[in-house]
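Inspection log for the structure reproduced underneath, given as structure tokens.
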Amino acid sequence: SQLGSQLGSSVTLLLATQAGLVANVTRLSASATANSAHDLASQATQADLVTNISRLIAAQAAQDARLVNVSQLGSTQADLVANLTRLSVAVAGQAALVAAVTRQA
């Protein structure tokens, strides 16, 4: 009778241990599922970041191209001003020649 009682206690203890193990496995499975979902969300976020960085790089390249164009426009404007100055000097020289010829005539 005492052996039967001990055997019953052992079986109860084993069943309780088994129930605890099942609960732990269930928790681990739920945790793994949550971690997988979190990993997928992280991967999506990383993909978004890579896409945004690519867009920023493209925007920077476009901005650099615009800066080059602005720089070239500045050079062109400087050339135009220099040419206008030369033309003004040439026109003044021609006016002086016309005045001199007119006086001689």
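The values are calculated or read from the model by the stated rules, or taken from the named source; none is laboratory data. If you're wondering where the values come from, they're calculated on a predicted model, not measured in any experiment. Cβ: placed from backbone, ideal geometry, glycine included. Neighbour counts: every protein chain shown. Accessible surface areas use protein heavy atoms only, side chains included; no ligands, DNA or RNA. Shrake-Rupley method; radii C 1.70, N 1.55, O 1.52, S 1.80 Å.
Ratio of Rg to Rh for segment 34-79: 1.49 [Cα atoms; Kirkwood radius as inverse mean 1/r over pairs]. Projected onto the charge dipole of the chain (+1 at Lys/Arg Cβ, -1 at Asp/Glu Cβ, origin at the Cα centre), which of Ala47, Val70, Val81 gives the Cα projection farthest towards the positive end? Selected residue: Val81. For the residues Val70, Val25, Val11, a GNM of the chain with alpha-carbon springs under 10 Å puts the largest fluctuation on Val11. Rolling a 1.4 angstrom probe over segment 1-78 with all protein chains present gives an accessible area of which 65% lies on carbon and sulfur atoms. Just the number, please: Stokes-Einstein D of the chain in µm²/s, Kirkwood Rh from C-alpha pairs, 20 °C, 1.002 mPa s. D = 92 µm²/s. Take the chain with all the other protein chains still there, run a 1.4 Å probe, and you get 85 Å² of accessible area per residue. For the chain, the longest principal axis of the Cα atoms and the long axis of helix 2-104 meet at an angle of about 0 degrees.
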